[in-house]
Amino acid sequence: MTAQGLAAENNENRIIWLDVMKGIGILSVVWGHAGHPYSFLMFFFHMPLFFFISGYLYRPVGKVVPLQYLVRRLKQLLVPYVFYIILITAFLAVLSALKGQSVDINWTALILGGSKLEGAYGTFWFVTCLFFVQIFFDFVIRKIRSRWLVVLMIAACFVFAFWESRFHQDFFVPWNMDVALFGIVFYALGFLFKQKKWLVNAQLNKIILLFSAVFLILFLYAYFQDYLRFGLDFKHRQYYFFGTNILVPMAAVLLISGLSRMLNNWTFSRKLFSSLGQSSMAIMFLHLFVNLVIGGFITINPWRFLIIGILFPWLWFEFASRIPGLRFLALGINPKRPAIGIGTGTSGRSDIGI
């Protein structure tokens, strides 16, 4: 990273290359649901990527008491979560009524969330899971002085999550709170990389990228030759297998971080991917919904799914970001923030990672 880039990372503005990274991440989320024969590969890293970015953006704020932090996260994550559930449910109910069909709403799934949410709500689990990860990690960092004890606690979370995945995969916990025990590992790694400045040390970063690339090439070769098995599905608590379930996604995340910094050097790619990154929350919530609705009128193939799933939520983001009330309800952004700068990287939710 250049000296200019490092200076930008140390001030109060958004870290633009992280927006670029989120842009790549949200593309991988949409493509992962597109139904292409190789879409499943996106599941190997896309959720760890967002947890990692969120952890990288975490800042222990001494003057902010835990209750203030909790309220801030409620506003930034759960207000949009509830807003989109109401919006989508109301739209689908009206659409069914217009078609003369009975309105079938699974209220149990909407209330309990997590892995019970399917169809248009299929990705909502991540938002509640991220909320619990952030609150738990903030509590741990505030209350435990010894960093070694923090490491041991995060390791214990990983072991418990892996144990659940192996022996109690079908055990349901509302809002995927238990998945937070696995997600917090990548959140903590993001925080660690930020604290140690491993991604802004040019020489060290080259070594990290080289080892990540070599590891991924060897892994993919072994995987497609059926020398080993691997699977990662956070929503349904499938973390296969011990060790590789951290090494594989982290290698991909670190390579994408390098790609993001490279794309950040070119004006067109920086604007394109950072714009997608800043609208990632809207895309996360809406890409399945808009494809479901438009799929009632045209045939959806993987490429159409990608275009529709990105374009319409992005247009909605650009619209909502200019209206104070919608900025808060749909995007979790403080309505008192000025509209100027939204979409340019100078305003908005710079500290939640989505």
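The values are calculated or read from the model by the stated rules, or taken from the named source; none is laboratory data. A quick note: this is a predicted structure, and the numbers were derived from the prediction, not measured. Here the Cβ is made from the backbone with ideal geometry for all residues, glycine too, and neighbour counts use every protein chain on show.
Hey, Asp138 hits all of (1) over 18 Å from Arg72 (Cβ atoms); (2) assigned to a helix (DSSP H, G or I); (3) acidic (Asp, Glu) but one; which does it fall short on?
Going through the list (1) over 18 Å from Arg72 (Cβ atoms); (2) assigned to a helix (DSSP H, G or I); (3) acidic (Asp, Glu), Asp138 breaks only (1).
Does any residue of the range 41-55 turn out to be in a loop (DSSP other than H, G, I, E, B) and at pLDDT below 90?
No, the range 41-55 contains no residue that is in a loop (DSSP other than H, G, I, E, B) and at pLDDT below 90.
Could you list, in sequence order, the residues of the range 25-40 that are among the hydroxyl-bearing types (Ser, Thr, Tyr) and either in a loop (DSSP other than H, G, I, E, B) or under 14 Å from Leu286 (Cα atoms) (or both)?
The answer is Tyr38, and nothing else.
Does Asn205 satisfy the criteria of being within 19 Å of the chain's Cα centre (by Cα) and touching a residue at least 40 places away in the same chain (Cβ under 8 Å)?
no
Looking at this structure, is Leu204 assigned to a helix (DSSP H, G or I), out of contact with any Asp or Glu (no Cβ under 8 Å at 6 or more places or on another chain) and surrounded by 14 or more Cβ atoms within 10 Å (Cβ to Cβ)?
Taking the combined requirement at face value, the residue does not satisfy it.
Report whether or not Val64 is without any contact (Cβ under 8 Å) to a residue 12 or more places away in the chain, in a loop (DSSP other than H, G, I, E, B) and among the β-branched types (Val, Ile, Thr).
Yes.
What are the residues in the range 96-126 that are among the small types (Gly, Ala, Ser), over 19 Å from Trp31 (Cα atoms) and out of contact with any Pro (no Cβ under 8 Å at 6 or more places or on another chain), if any?
Those that are among the small types (Gly, Ala, Ser), over 19 Å from Trp31 (Cα atoms) and out of contact with any Pro (no Cβ under 8 Å at 6 or more places or on another chain): Ser96, Ala97, Gly100, Ser102, Ala109, Ser115.
Return yes when Phe312 is at pLDDT 90 or above and surrounded by fewer than 22 Cβ atoms within 10 Å (Cβ to Cβ) and no when it is not.
yes
Are there any helices (runs of 4 or more DSSP H) wholly within the range 226-342 with 2 or more residues that are more than 16 Å from the chain's Cα centre (by Cα) and farther than 23 Å from Leu41 by Cα, and if so which?
Because the criterion is at least 2 residues that are more than 16 Å from the chain's Cα centre (by Cα) and farther than 23 Å from Leu41 by Cα, the helices (runs of 4 or more DSSP H) in the range 226-342 that meet it are 267-278, 280-294, 302-320, 324-331.
State which residue is surrounded by the fewest Cβ atoms within 10 Å (Cβ to Cβ) when the search covers only the range 101-111 and only residues that are within 17 Å of Val293 (Cβ to Cβ) and more than 30 Å from the chain's Cα centre (by Cα).
Gln101
May I ask you to list the residues in the range 297-319 that are touching a helix residue (DSSP H, G or I) at 6+ places or on another chain (Cβ under 8 Å) and over 15 Å from His33 (Cβ atoms)?
Ile298, Trp314, Trp316, Phe317, Phe319
Just checking, how many residues over the range 149-195 are of a type in the set (Phe, Trp, Tyr), surrounded by fewer than 17 Cβ atoms within 10 Å (Cβ to Cβ) and assigned to a helix (DSSP H, G or I)?
Qualifying residue count for the region: 3.
Scan the range 89-120 residue by residue and report those that are aliphatic (A, V, I, L, M), modelled with pLDDT of 95 or more and outside any helix (DSSP H, G or I).
Answer for the range 89-120, where residues must be aliphatic (A, V, I, L, M), modelled with pLDDT of 95 or more and outside any helix (DSSP H, G or I): just Leu117.
Within the group Leu228, Leu199, Leu210, Leu181, which residue is touching a residue at least 40 places away in the same chain (Cβ under 8 Å) and either of a type outside the set (Asp, Glu) or more than 22 Å from Gly114 (Cα to Cα) (or both)?
The match here is Leu199.
Hey, among the residues in the range 291-309 that are among the aromatic types (Phe, Trp, Tyr) and modelled with pLDDT of 95 or more, which one's surrounded by the fewest Cβ atoms within 10 Å (Cβ to Cβ)?
Result: Trp303.
Let's see how each residue does on (1) in contact with a Gly (Cβ under 8 Å, 6 or more places away or on another chain); (2) more than 17 Å from Trp125 (Cβ to Cβ); (3) at pLDDT below 95; (4) not acidic (Asp, Glu):
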| site | (1), (2), (3), (4) |
| --- | --- |
| Leu18 | yes, yes, no, yes |
| Gly23 | yes, yes, no, yes |
| Ile26 | yes, no, no, yes |
| Leu78 | no, no, no, yes |
| Val82 | no, no, no, yes |
| Leu87 | no, yes, no, yes |
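Which one is surrounded by the fewest Cβ atoms within 10 Å (Cβ to Cβ) among residues in the range 81-100 that are within 20 Å of the chain's Cα centre (by Cα), within 17 Å of Val290 (Cβ to Cβ) and not aliphatic (A, V, I, L, M)?
Checked the range 81-100; the qualifying residue surrounded by the fewest Cβ atoms within 10 Å (Cβ to Cβ) is Phe83.
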